[in-house]
1. Give me the residue from region 98-134 that is under 16 Å from the mean Cα position of the chain (by Cα) and in a loop (DSSP other than H, G, I, E, B) and, out of that set, modelled with the highest pLDDT.
2. Applying the selection to region 150-186, what residues are in a helix (DSSP H, G or I), within 12 Å of the ligand (Cβ to nearest atom) and of a type outside the set (Asp, Glu)?
3. Test Gly195 against the stated conditions and say whether it is within 6 Å of the ligand (Cβ to nearest atom), closer than 25 Å to Leu108 by Cβ and of a type outside the set (Asp, Glu).
4. With respect to Arg221, determine if the residue is of a type in the set (Lys, Arg), within 11 Å of the ligand (Cβ to nearest atom), modelled with pLDDT of 95 or more and within 30 Å of Ala114 (Cβ to Cβ).
5. List every residue pair whose Cβ atoms sit under 6 Å apart, with the two residues 6 or more apart in sequence or on different chains, where the first one lies in region 151-169 and is touching a residue at least 12 places away in the same chain (Cβ under 8 Å) and the second, anywhere, is more than 16 Å from the ligand (Cβ to nearest atom) and part of a strand (DSSP E or B).
6. Starting from residues that are modelled with pLDDT under 90, under 18 Å from Gln137 (Cα atoms) and not hydrophobic (A, V, I, L, M, F, W, C), keep the ones in region 178-197 and report whichever is surrounded by the most Cβ atoms within 10 Å (Cβ to Cβ).
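The values are calculated or read from the model by the stated rules, or taken from the named source; none is laboratory data. Remember, predicted model here, so these are calculated numbers, not experimental data. All Cβ positions, glycine included, derive from the backbone under ideal geometry; neighbour counts span all protein chains shown.
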Amino acid sequence: VEAELMRAQRLESLSLLAAGLSHDLRNILQPLLIMPELLKARTDDPQLHHLADVIAECGRRGHEMAESMLSFVRGSRTPSERIQIAHLFEAMELLLRSTLPARVSLHLDVDDPALAVDANYTELQQVLLNLALNAIQAMPNGGRLTLRAMADPDAHGQDWLRISVTDEGVGMSAEVLSHLFNPFFTTKANGTGLGLISCKRIIEGAHGSIRVDSTPGVGSRFDLLLPMREEPAEDAPLQQPVAAGSGQ
Ligand code: ADP
């Protein structure tokens, strides 16, 4: 019981800290939302345009993350929206390629370009980034990092979207697997042990689940399962490119 209490208190102080931080962060990141566009207007260099896009995407992500951290701490639910998986994967590729160490090769694969799901875009991106960064860290000697999305109907006729993040890294022992989603559990010298618990919270908030499959010395696969709704008639035009809306 004492351990539970200590954990609750640590989480409580963490929330307070998060509230303060996210409030300031929102303001600090404001210029990153505007200035990359100003920079792009001043040059035709495609490489500089690409760099400005990466900066803008990071700024947008940070800003929305601060927003959702604030609403999490205040106890309100983050709004969900229709997310085209192909579009989400494009943004992931942009972010990952800009930080990927040379030893790791990245593979993204969307089974069907029409795949879509209702969730909070920034939160889902955050989950995938957490999993991808863990995967990269698990491959000190290199290997393949694969993100794949596919429809996965279950035996009860319910349609699920499955997103898997697979690495060829060190894998996990049964011991590590059993503590994986405990807050503050980490095997890294400078880890926080908060990555996977926050992934789980986000995915369960979207009525989904996370599964893990891992073999020591071979690698790990994290599967996200999210409920796929029927396509709403009104949103039909969203089927095709929507890049103008949320990304840039
Ligand atoms: P952190 O990354 O700060 O340690 P996480 O909650 O993201 O926190 O991860 C907890 C632990 O789970 C990690 O320290 C690591 O031992 C293990 N882990 C997570 N992902 C992987 C992976 N892809 N391969 C091997 N171990 C992993």
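1. Here the residue is Leu100.
2. Val176, Leu177, Ser178, His179
3. yes
4. Against the criterion (of a type in the set (Lys, Arg), within 11 Å of the ligand (Cβ to nearest atom), modelled with pLDDT of 95 or more and within 30 Å of Ala114 (Cβ to Cβ)), Arg221 qualifies.
5. Asp152/Trp160; Asp152/Arg162; Trp160/Leu225; Leu161/Val117; Leu161/Leu226; Arg162/Met150; Arg162/Leu225; Ile163/Ala149
6. Gly195
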